[in-house]
Every structure is written in C-alpha cells, then in structure tokens.
Amino acid sequence: MSARWPAPPLLDAVLLLVSLADALVRVDIGFHTASVCAVGGAAVLVMRRHRPLLTFLLTLPSAMITDATFATTAALYTLASFSRHRVLLAFCALAYAIIDFLPWPWSHVRASDFTRADSLLHLTYTLATAVAPVFLGQLVQARRDLSRRLAEISEAREHQRLLTAQSVLAKERAQLAREMHDVVSHQVSLIAVQAGALQVGSPDAEARRAAATIRRLSVQTLDELRHMVSVLRASGSRPTELTPQPSLADLQRLVDGSAIDAELKTDLPDDLPAAVQRAVYRTVQEALTNVRKHAPGARATVHVRRADGRVLATIANTAPTRPALPLPGAHHGLVGLRQRAELLGGTLTCGPTADGGYELTLDLPATASA
C-alpha cells in the first residue's frame, strides 16, 4: 500500500506551527522589526496553495532580516510544486540564496566578507538550501502529473475494453438475430400454418378449439420474436428497451390466454416499482407454462397480494388428470426466476403439495428496484 499524505488543512497547520516555532527560536523578541517579519512570514503560509508566488515574496523579508528561514523554504517548495516556469523558479531560488547569504543590513557588507574561508562554505550552504526545495517541489509536481496520466491511461483502457465488449456483444446479437429469424421464426410460422389448417379442416370441435389456441399463441410468439429480432439487430448505441414491458395490468390477459383452467386473485396497487411488476409477471408466466407442460388437466390458482411491505405471488395447481407429454426444455426457467428474485432482494420457493399438485411462491420487497 502506498503512503498517504496528510490532509491539506492538517499539513498547512503543521507548517504554520513549525514556522512560528522557528521564528520563536531564532528571533530575538526584543527586536521588533525582526519579530514582525518572522511572524508575518509564517502567517502568510496559509495562502501558499492559492497564491504561491505572492506567498514566497512575502516571506523573503523574514529570510533577509532574521535567521528564521523555514517559512521561505516552505513557500519556495510550494511555488516549485505548482509552477512550470523553470526560469521563474531559478530566479526565485537565486534571490533566496542571495538574501540568505548577505548579512543584514546590507549597508554593513564589506568586501572582506566575501574573501573569508568560511564564505565559500556559507555560499554553498545557502545555494543548497535554496535549490533543495525547488527540486523537491518539482519532484512532487512530476509525481502528481504521473499519477494523473496513469489515471487517464486507466480510464482510456477501461473505455477501450467497454468498446471491445460492446463490439463483441453486437456481433453475438446479430448472429442470434439471424438464427432466430432463419430458424425459430420459420418453425413457429409453420406451426401457425398447420394449426390454421387443422382449425379449418378438423371435424372435431374440441380439436378446432385447441388448434385455434395454438394458432393464436403462435402468432403472438411470432410478433414477440420479430420485436426481439429488431432489438438484437440494433446497433447498441443506446440502451434498447424490450417494449412493451409487462406489468400487473397484463396479468389477467396472461391468465386468460394460458389455455388452462386458471383463476387470478390480486389486490396489488398499480404504483409498485416496474422491476417488481415484471418479476411477478414473469414468475406467473413461467409457472403457468410449467402447469401446461407438466400437469395437463390441472387447475391453477394465482394469488398475488401485498403484506407487511412485501409482495407475495403464489401459483398453485392441482394434480394432473392425464399424463404429461415429453416436451423439450432447458430446465433454466426456475433458475432464472430464482436469480431474478435474489437480485431484487427476494426469494423463490417451490415444491410439490400434499394433494399431488405443485406450488410456487415469490416473495419480494415492495420497494425493490433493479
């Protein structure tokens, strides 16, 4: 884990306290001018982030008159960490070094002060003191720029990954659309045609009614397939909704068109979230489909209600009255319903009843949303 810098207000407060302590230790309180310069130089550090150049200039008197140079060093570091003007930084560092090197007042400066042996050592020290915060500030600025650049690269890579995923998804959707159009739609069309022929030519009234139901369901399936094919062929430039989405208002029509003896009981309001309404509709749809497939001749009861802030949908059927025909299936229906319920914070339970029937219960929070 990388080290984390202190929060800016905390760091500013620490620098201010250290600068005041530096002034207190290095400045004679009896020297009024020096005290004012030292304390003033420390105080102006509060605006170092907003006016770094002005802050540095205001701290120079402290370095010129007193030995309290911490505030000037901190201001120069801040200026170097924000400014990209290398010439300006060089002039500021040179000015700081000259001011710190020359004794105050300047009227007392003598030529012999520059020829002493310790003058070279003092000059080297002042130059290092002036250059060090500039280099450190530039290093921090480079680190900040590098972090920003890495973040931009990561964002660009994530964007490229999403574009690649969308391209792959678009190809898969186009292929799926072709398969649905060329195979599934064709076969469903044949079913509708054959059912229509049976409806017209069969002498048995019950067979004609069954053929009419098959033809009606085939036509509805074709309409849904056409709509899904158009959705799958969309470019994906914007989210495409599978409209119209089912709601609780469509439950009665679903039950009436299920081709089984089913009864609907519901007392739900119409203001439930759309995700809850879709989950209830899809659960009832799958349950009635399973009754048709696995329990021929059974009666079904659909009871949808609201209790204690939750939505309960119970679909129960009696025992079948005739053997079920073997029909192909992927056995993913209940798995998908259970996953949908879990995503909405609910549960799906199902199992056989004591009288040989089957019961499925969906329990969802009434305020769930996807």
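The values are calculated or read from the model by the stated rules, or taken from the named source; none is laboratory data. Predicted, not measured: the structure shown is a model, and the values here were computed from it. Cβ: placed from backbone, ideal geometry, glycine included. Neighbour counts: every protein chain shown.
Assorted remarks:
- Where helices (runs of 4 or more DSSP H) fall wholly inside region 237-344, the ranges with 3 or more residues that are modelled with pLDDT under 80 are 333-343.
- Answer from Phe82, Phe114 - the residue that is aromatic (Phe, Trp, Tyr), assigned by TED's automatic domain parsing to the domain that holds Thr59 and at pLDDT 80 or above: Phe82
- Residue, surrounded by the fewest Cβ atoms within 10 Å (Cβ to Cβ), within region 42-73, restricted to residues that are in contact with a Lys or Arg (Cβ under 7 Å, 6 or more places away or on another chain) and under 17 Å from Val25 (Cβ atoms): Asp67
- Taken over region 260-274, the residue count meeting the criterion of being within 21 Å of Ala295 (Cβ to Cβ) and surrounded by 15 or more Cβ atoms within 10 Å (Cβ to Cβ) is 3.
- Scope region 59-73; condition outside any loop (DSSP other than H, G, I, E, B) and closer than 19 Å to Val131 by Cα; matching residues: Thr59, Leu60, Pro61, Ser62, Ala63, Met64, Phe70, Ala71, Thr72, Thr73
- Test for Thr73: is it in contact with a Ser or Thr (Cβ under 6 Å, 6 or more places away or on another chain), within 29 Å of Cys37 (Cα to Cα) and at pLDDT 85 or above: no
- In region 332-350, residue surrounded by the fewest Cβ atoms within 10 Å (Cβ to Cβ) [restricted to those that are of a type in the set (Gly, Ala, Ser) and over 18 Å from Val291 (Cβ atoms)]: Gly345
- Any hit, region 94-108, residues being under 48 Å from the mean Cα position of the chain (by Cα), modelled with pLDDT of 75 or more, part of a helix (DSSP H, G or I) and closer than 24 Å to Ala71 by Cα: no
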